[in-house]
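Peer 1: Input: one structure, supplied below.
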Amino acid sequence: MVTEQDFQQLATELDVEVAALKAVVEVECSSKGGFLADGRPRILFEGHIFWRRLTQRGIDPEPLAAAHPDIVYPRWVRTHYRRGAGEWERFERAESICRAAAIESASWGLFQIMGFHWATCGCGSAEEFAERMSRSEVEQMRLAMRFLQKTGIAAYLKTKDWTTFAKRYNGSGYKLNHYDTRLATAYARFAAVEN
């Protein structure tokens, strides 16, 4: 569990407001925390990313899509999400096809960082990324801080440019989920409590 002291330390390291960090955690994880009740990290498996990661490894995704249409598909669709433990069921089936590609195809933890960012997060492999994401919420935040620093996205968090932050963090589809307005609203609420 992330304490107020942890938030303060990580915010200082990143040179952003605690309220801004808390806003990202709330919007990305809906305040449910970085772990499921059974102790596994919270993930969201993305079958369209799995398609790409398999292709990059020279594995033809087409026959796999016919056998596993809810974990291997060429374009993003929301309908396959199962949330919570259901995402682990999807992940485990993908893992049986190619573990590294499966790790890279899920978003992980409090900040829902995609596994394919393992090197940007300072990990030596996708496997190390998954192992570190499984340690604690503080470790999840440390990996996220490194990601935000290395990609330059932290600058938008610092200036509270929620639109640019949301676009860079969640991609061009951020508008569909109103990430920018949800971040601004969450930040305002946390900032009001902190001041």
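Peer 1: Among the residues of the range 78-109, which ones are outside any helix (DSSP H, G or I) and under 22 Å from L176 (Cβ atoms)?
Peer 2: Listed by number, the residues that qualify are Y81, R82, R83, G84, S105, A106, S107, W108.
Peer 1: Something else: Consider G47 carefully, then state whether it is surrounded by 18 or more Cβ atoms within 10 Å (Cβ to Cβ), farther than 18 Å from M145 by Cα, within 20 Å of the chain's Cα centre (by Cα) and free of Cβ contacts under 8 Å to residues at least 60 places away in the same chain.
Peer 2: yes
Peer 1: Right, another one. Can you find, within the range 84-127, the residue that is farthest from L54 (Cα to Cα) among those that are buried (at least 20 other Cβ atoms within 10 Å of the Cβ) and aromatic (F, W, Y)?
Peer 2: F111
Peer 1: Let me ask you something else. Restricting the range 1-54 to residues that are farther than 16 Å from W108 by Cβ and not in a helix (DSSP H, G or I), which is modelled with the lowest pLDDT?
Peer 2: Among those that are farther than 16 Å from W108 by Cβ and not in a helix (DSSP H, G or I), it is S31.
Peer 1: Can you name the residue in the range 160-174 that is more than 19 Å from M114 (Cα to Cα) and without any contact (Cβ under 8 Å) to a residue 24 or more places away in the chain and is also nearest to the chain's Cα centre (by Cα) among such residues?
Peer 2: Out of the qualifying residues, it is T163.
Peer 1: Same structure again: Given the criterion farther than 22 Å from Q5 by Cβ, exposed (fewer than 15 other Cβ atoms within 10 Å of the Cβ) and basic (K, R), identify the matching residue among K150, K167.
Peer 2: Answer to the check: K150.
Peer 1: Still on this structure, I have one more. Just checking, does the range 26-41 include any residue being among the β-branched types (V, I, T) and more than 20 Å from I103 (Cα to Cα)?
Peer 2: Yes: the range 26-41 contains one or more residues that are among the β-branched types (V, I, T) and more than 20 Å from I103 (Cα to Cα).
The values are calculated or read from the model by the stated rules, or taken from the named source; none is laboratory data. Nothing here was measured: the structure is a model prediction, and the numbers come from that model. Positions of Cβ are generated from backbone atoms using ideal geometry, with glycine treated the same way; all protein chains shown enter the neighbour counts.
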